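To start, the structure itself, in structure tokens.
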Amino acid sequence: MLKCRRSAILDRSGVGHGFFASNGGVSPPPFESLNLSFGVGDDPRNVRENRDLVRRRLGLTAIAAVTQAHGDRVLRVSSPPADDDPRGYDAIITAEPGIGLMIQQADCQAVLLFDPVVPAVGIAHCGWRGNVAGICAKVVAAMAAAYGCAPARMLVAISPSLGPCCAEFRDYRELLPRWMWEFRRGECFFDFPRITRRQLLGAGIIPENIDSIHHCNVCDRDFFSYRRDGDLTGRQGSVIGIIS
């Protein structure tokens, strides 16, 4: 059975969404079992079946995903991509009902965005590199430019991810801009969900419209974690879509 967390803010809006754990799919070890990525060595047939399980769980007609690159490029879709996961993007936006936008994760955050007036949805893959690149603000701007979305009415949820208990960055002085250092815990552990929240506020999202699912996927073995398990692990997914 699929295990899926949800956001209270997005639940109240009625938009389809879910933060899926690693359980309930068909992939064998070490990708057991709901691996949603084509890029980790799993049989593509398993990945397609797992994605279809997610699609059906949320009542969507299709899933759109990308081959993530830890960058800041945003893909706009009006129909499901024809090939498997276009390369070089880390965010997706759409106003098309029925298309679920999916980010694959094994420590990084997925940031889900919804403007209920247009309506339109967006999703971003936000690891530490995405935070440095300011990807969340770029997705907000892309949705405003493409669909006329207003940041002040957008609803946002931040997925389970690498928690501050496990986000150790010993070389943070070389990797992270100085403003992020205030989010340090102890010598070199960082609270990246709070960093993401700061960036969303700077992009015009209002505080009461941000929901952060405070849950560390390194500590919880129901989630995949690259930091915990290395290369031999799958990718769970976070999905958002306008139900047709």
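The values are calculated or read from the model by the stated rules, or taken from the named source; none is laboratory data. The shown structure was predicted, so the numbers you read here are calculated from the model rather than taken from an experiment. Virtual Cβ from ideal backbone geometry, glycine too; neighbours counted across all protein chains shown.
When Leu232 is tested against (1) exposed (fewer than 14 other Cβ atoms within 10 Å of the Cβ); (2) touching a helix residue (DSSP H, G or I) at 6+ places or on another chain (Cβ under 9 Å); (3) in a loop (DSSP other than H, G, I, E, B); (4) of a type outside the set (Ser, Thr, Tyr), just one condition goes unmet, and that condition is (2). Here Val218 fulfils each of the conditions (1) over 27 Å from Pro44 (Cα atoms); (2) in contact with a helix residue (DSSP H, G or I) (Cβ under 8 Å, 6 or more places away or on another chain); (3) at pLDDT 95 or above apart from (1). Could you say whether any residue in segment 103-122 is among the small types (Gly, Ala, Ser), crowded, with 21+ Cβ neighbours inside 10 Å and over 14 Å from the mean Cα position of the chain (by Cα)? Looking for residues that are among the small types (Gly, Ala, Ser), crowded, with 21+ Cβ neighbours inside 10 Å and over 14 Å from the mean Cα position of the chain (by Cα), one finds at least one in segment 103-122, hence yes. Restricting attention to segment 193-203, the residues that are out of contact with any Cys (no Cβ under 8 Å at 6 or more places or on another chain) and either of a type outside the set (D, E, K, R) or not in a helix (DSSP H, G or I) (or both) total 4.
Out of the residues in segment 182-192 that are in a helix (DSSP H, G or I) and in contact with a helix residue (DSSP H, G or I) (Cβ under 7 Å, 6 or more places away or on another chain), which is surrounded by the most Cβ atoms within 10 Å (Cβ to Cβ)? That would be Phe192. Only a single criterion out of (1) outside any helix (DSSP H, G or I); (2) in contact with a Phe, Trp or Tyr (Cβ under 8 Å, 6 or more places away or on another chain); (3) within 22 Å of Gly88 (Cβ to Cβ) is not satisfied by Cys165, namely (3). A count restricted to segment 70-92 and to residues that are in contact (Cβ under 8 Å) with a residue 40 or more places away in the chain and buried (at least 24 other Cβ atoms within 10 Å of the Cβ) stands at 2.
So which of Arg6, Arg45 is in contact with a strand residue (DSSP E or B) (Cβ under 9 Å, 6 or more places away or on another chain), of a type in the set (D, E, K, R) and either without any contact (Cβ under 8 Å) to a residue 40 or more places away in the chain or surrounded by 20 or more Cβ atoms within 10 Å (Cβ to Cβ) (or both)? Result of the check over Arg6, Arg45: Arg6. Taking each residue of segment 189-213 that is over 22 Å from Ala167 (Cα atoms) and looking for partners that are at pLDDT below 95 and surrounded by fewer than 20 Cβ atoms within 10 Å (Cβ to Cβ) with beta-carbon atoms closer than 6 Å, six or more apart or interchain, yields nothing.
For the residues Cys149, Cys219, Cys136, the requirement of being touching a strand residue (DSSP E or B) at 6+ places or on another chain (Cβ under 9 Å) and assigned to a loop (DSSP other than H, G, I, E, B) singles out Cys149. Among the residues of segment 9-26, those that are more than 22 Å from Ala106 (Cβ to Cβ), out of contact with any helix residue (DSSP H, G or I) (no Cβ under 9 Å at 6 or more places or on another chain) and touching a residue at least 40 places away in the same chain (Cβ under 8 Å) comprise Leu10, Ser13, Gly14, Val15.
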